[in-house]
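Shown next, in C-alpha cells, is the structure this report addresses.
The values are calculated or read from the model by the stated rules, or taken from the named source; none is laboratory data. Predicted model only: the values in this text are computed from it and were never measured. Note: ideal-geometry Cβ built from the backbone for every residue, glycine included; neighbour counts use all protein chains shown. Each accessible area value is taken on the protein alone, full model and side chains, heavy atoms only, with ligands, DNA and RNA left out. Shrake-Rupley method; radii C 1.70, N 1.55, O 1.52, S 1.80 Å.
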Amino acid sequence: DQVTFNSFVKTLDSFNDQLHKEGKMLSEKILAQPIKDIHLYSHKSYEMGQNGDATSVYFLLGVALLVIVIAIVNYINLSTSKSLDRAKEVGVRKVIGSSLAQLRAQFFTESLLINIFSATLALGLVVVSFPAFKAMAGLPLGLHFWNDALFWRLLLFLVLISTVLSGIFPAFVLSSFQPIQVLKGKFAHSGRGLLLRKGLVVFQFSITLFLIIQTFTTRQQLTFMRNIDMGLNIERTLVVPTPDDQALRASLQVLKDKLLDYAQFQSVSFSSSVPGQSTSELSSSNANINLVGALEEKAFNFYIYFMDEDFIPTMEMQLKAGENFTKQNLISENILVNEESIKLWGIPDAEMAIGQQIDLWGKKRTIIGVVKNFHQGSAKNPYLPMLFVPGLRDWAQRFVSIRLQSGGLKENLDLIKGVYASVFPNSPFDYFFMDQEFDKQYRYEEQFQAIFGTLTGFAILISCLGLFGLVSFTVANRTKEIGLRKVLGAGTGQIVALISKDFISLIFIALFISTTITYFIIQRWLEQYSFRIDLNIWLFAIPAAGILVISLLTILTKTIQVSSANPVKALKDE
C-alpha cells in the first residue's frame, strides 16, 4: 500500500513516544523529511554534502522578477509618455472607422511582438553568458536548460504576462479616448497619463534603490565576517590528515619530532579535528555532560576536541583563565572548556570555572583552563560550546597541524612531504591550508553577492534607460518652449533646472519610500547572521547618493544637449 508522508509522520510520532516511555531515548527525536526537500531545506549535522538554501534561492528569484517588473514599468512609462501622439493616432483611426476591438488588438500585437523579440534576444544572451554564470554561481558545468520543459513553460508564461501587463494601458486606456476631444487637443491638458507616469517613476526607482542598498549591505556584511577576530590564527597553518591505519599512528610522535628539527616549523600538534571544518567532523554529545553538584541537570550539545598539549599554541588560541595542557598535566582527569560552555552552565566568570568538575560520560574531570571563544567556521554561525580533552589515543589523532614560521610555501610543502614519506612510506600524502578551509565557508555568501550584484546592475541599467527615454520624450515635447525661453534670455542652467526639477523631485520621493521599507527588510535579512554589521546611515546614504548622481547624469545628458541647441531651429519648425 502507498503510504503518504503525513501518515508516516504520525506513525513516527507514535514510535517516538514509545521510545521515550521505554527510556531508550531522552531528548532525541526521530524526524522524517521528504528526499526532494533535502537539498534546499535540510541543514542538519552530518549531511552528505553542502546543501543549498531555499530562502536565498527564492530571494534571488524575487529579485529577478523585480528586474522584469522594472522593464515592464519602463514600457508602460514610455507608452504613457507617447500617449499624446498615440491619442491622435487613435482619434484618426476611430474617425475612419476602426473599432475598439481592432485598436486593442493592434496595441496587444505590438506588445506581443516586442516581448517575443526581447525573449529571443534574452535567449541569445543567456547562451553566450551561461558558462560565465555557471562559474560565478558554482553550478555544474554540464547543467543546461534546452531539454527542461519547465524552463520553456516559464519563458512562455513570462512572455504572455509581460505582454498583458505592458499592453494593457495602451490597449484599454488609449483606445477609449473620444476622437473629437483628442483631435481638438483636449487630451493634452489631462492629468491622467501624467499621474500614472510619475507613479511608475517612483515605483521603478524605489525598487532600484532597494536592490542597490541590499547589494551594498551584502558586501559590507561579507567584508565584516572576513575581517572579524576569529579567536585564532589561520594564516600559514598547514594540516596533514594522518594515515587511516590506526596501527601506523603509533609513529606520529616520530613524525612530530622530525618536523620540529627544522627551524621553519614553529609548532606541530595532533587533534581529532581542526578549525574550518564542519561540525559534522567534530565529536559531539548532548547527554551526561554536567557540572558536578549542579542542582539541575540540563542537556546541551557540546562539541569535543581530542588534542595534545601543543594544539592551543599552534592555533594561537587565547586562554581567558587557567592554564593549557602540558606534558605534566596531560592526564585524563583534566579538561579545558571554552567561554560558551561555562555560559551554558551559568558560570559568570572564567576564573570561577577553574577547579570545578564536570561529569563527562560518567567520569569526573577538573577544569584547568577556559579557552576564549573562537569561530569553528563562518562567522555567520554562533560560537559553539566546546570541550578540549587530552587526546592521547591513536584514534583521536586524525590531523597533524603545522604552523609555518618562515620559508616559501612550496619549499615547506616539499619538505613536509619528504618527512611524511620517510615515516609513512606506503601511505598517501594529503594536505590542506587552514585559511582555504575557512574560505570555503564564505563561498556561498560570495556567490550570492555576485549574483545579486549582477541583477542589481541590470536593474540600474534598465532604470537609467527608462529615465533617459522619458526625459528625451519630455524634452522633445517642450522643444519650442525651450527655444522661446532662450530667445527671451533664459540661460542653459535655468532651462536644465526647469526640465530636471520634476524628475529630481520624483527621485527624492522614491528615495524616501525605498529607504523606509528597505530598512526593515535588511534588518530582517541580517538576523540570519549571528555576527553582523550594525545598520548605520551610510548604508543608505551612499547608495542613495549614487543613484541620485546617476539619475542627474542621465537627465543632464539630454537636457544640456537640447538647451544648447540653436533656438531658431526649434521655433521655425512647424
The farthest towards the positive end of the charge dipole of the stretch 441-503, of the residues 474, 456, 442, given +1 on Cβ of Lys and Arg and -1 on Cβ of Asp and Glu, is 474
What does the charge dipole of the chain about its Cα centre add up to, to the nearest 20 debye, if the Cβ of each Lys and Arg holds +1 and the Cβ of each Asp and Glu holds -1?
-> 3680
Taking the Cα centre of the stretch 243-385 as the origin, how large is its charge dipole in debye, to the nearest 20, when only Lys and Arg (+1) and Asp and Glu (-1) carry charge on their Cβ atoms?
-> 120
Ordering of 54-65, 536-547, 142-153 by burial proxy (mean other Cβ atoms within 10 Å per residue, highest first) | 536-547, 54-65, 142-153
For the stretch 437-574, give the percent of accessible area contributed by carbon and sulfur heavy atoms, probe 1.4 Å, rounded to a whole number.
-> 65
With R₀ set to 22 angstrom, the calculated FRET efficiency between the beta-carbons of residue 327 and residue 292, to the nearest 0.05, is 0.25
For the chain, dividing by residue count, accessible area per residue (probe 1.4 Å) in Å² works out to 54
Tell me, what is the percent relative contact order of the chain, built from C-alpha pairs under 8 Å that lie six or more residues apart?
-> 19
For the chain, the Debye formula with one identical point scatterer on each Cα and no solvent gives log10 I(q)/I(0) at q = 0.07, 0.10 Å⁻¹ as -0.66, -1.01
Kindly provide the trypsin sites (Lys or Arg not before Pro) of the stretch 230-315 that DSSP labels as loop, not H, G, I, E or B, and whose Cβ sees at most 14 other Cβ atoms within 10 Å.
-> 298
Where the centre of each part is set by its Cα atoms, how far does the stretch 340-382 sit from the stretch 470-528, in angstrom?
-> 59
Membrane-span-like helices (DSSP H runs, Cα span along own axis at least 20 Å, mean Kyte-Doolittle at least -1.0) in the chain -> 5-21, 54-81, 100-137, 149-172, 192-227, 409-423, 443-477, 492-526, 537-563
At 222 nm, what helix-only mean residue ellipticity would the chain give, in deg cm²/dmol to the nearest 500, using -39500 (n - 2.57) for each DSSP H run of four or more?
-> -19000 deg cm²/dmol
